[in-house]
Amino acid sequence: MASPKIAVIYYSMYGHIRGMAHAAVEGAKAKGATVTLLQFAETLPQEVIAKMHGGPKDESVPIVKPNDLTEFDGYIFCFPTRYGRAVAQVSAFFDSTGGLWGTQALNGKMATIITSTGTQHGGQETTVLTTLPYLAHHGIIFVPLGYADKNLTQMNEIMGGSPW
């Protein structure tokens, strides 16, 4: 059986999600996947990013284009939460995938979602839920982590994580 081709696609303003995306790359490689790291395009003007104290983008990581998705068996999407939903950069990307939807070019591929917030109850689960329609319209199969990581059931300290 050929090694699955996985795209880890991220958006990160402050670098936290970029770090999580790199960890996802290493994890997928450790399981035998061939992995490509990509990032969502920035949609904010540089002036706004500066006022938000956003960090620089990693220019060595290519910007994902809609047709790039056809090259992979699955995806690990990594992005922060804004008001309980995906950031605008992710929405803008999926808004540009209508041609792929029209041909169902992504039907049967698989994806999971990694998200994070600046607060413990910042909407991580609603972010995943509100991202699922993008996957469903394309016929992409959502693969949650579940409770495979036993740290998710620990109650002795505050920690992040979700079966989503």
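Near Ser116, the amide H atoms lying under 5 Å from its own belong to Phe79, Thr81; only residues 5 or more places off or on other chains count, and H is placed 1.01 Å from N. Shown for the chain: lysine pairs separated by 8 or more places, or found on different chains, whose C-alpha atoms are under 23 Å apart, numbering 11. For the chain, the fraction of C-alpha pairs more than 30 angstrom apart is 14%.
For the chain, with all protein chains present and a 1.4 Å probe, just round the carbon and sulfur fraction of the accessible area to a whole percent.
59
The Kirkwood radius of region 36-84, taken over pairs of alpha-carbon atoms, gives through the Stokes-Einstein law at 20 °C and 1.002 mPa s a diffusion coefficient of 165 µm² s⁻¹. Normalised per residue, the accessible area of the chain is 56 Å², obtained with a 1.4 Å probe and no contribution from ligands, DNA or RNA. Considering amide H positions built from the backbone, and no H for Pro or chain starts, which residues 5 or more places from Tyr14, or on another chain, come under 5 Å of its amide H? Here Gly55 satisfy the definition. Report summary: the helix-based calculation at 222 nm, which adds -39500 (n - 2.57) for every DSSP H run with n ≥ 4 and divides by the residues of the chain, gives -9000 deg cm²/dmol. Put simply, the amide H of Met110, placed in the peptide plane, has neighbours under 5 Å in Gly74, Tyr75, Ile141, leaving out anything fewer than 5 places away on its chain.
The values are calculated or read from the model by the stated rules, or taken from the named source; none is laboratory data. Worth saying up front: this structure is predicted, and the values here are computed from it rather than measured. Keep in mind that these areas ignore ligands, DNA and RNA; they rest on the heavy atoms of the full protein, side chains included. Shrake-Rupley method; radii C 1.70, N 1.55, O 1.52, S 1.80 Å.
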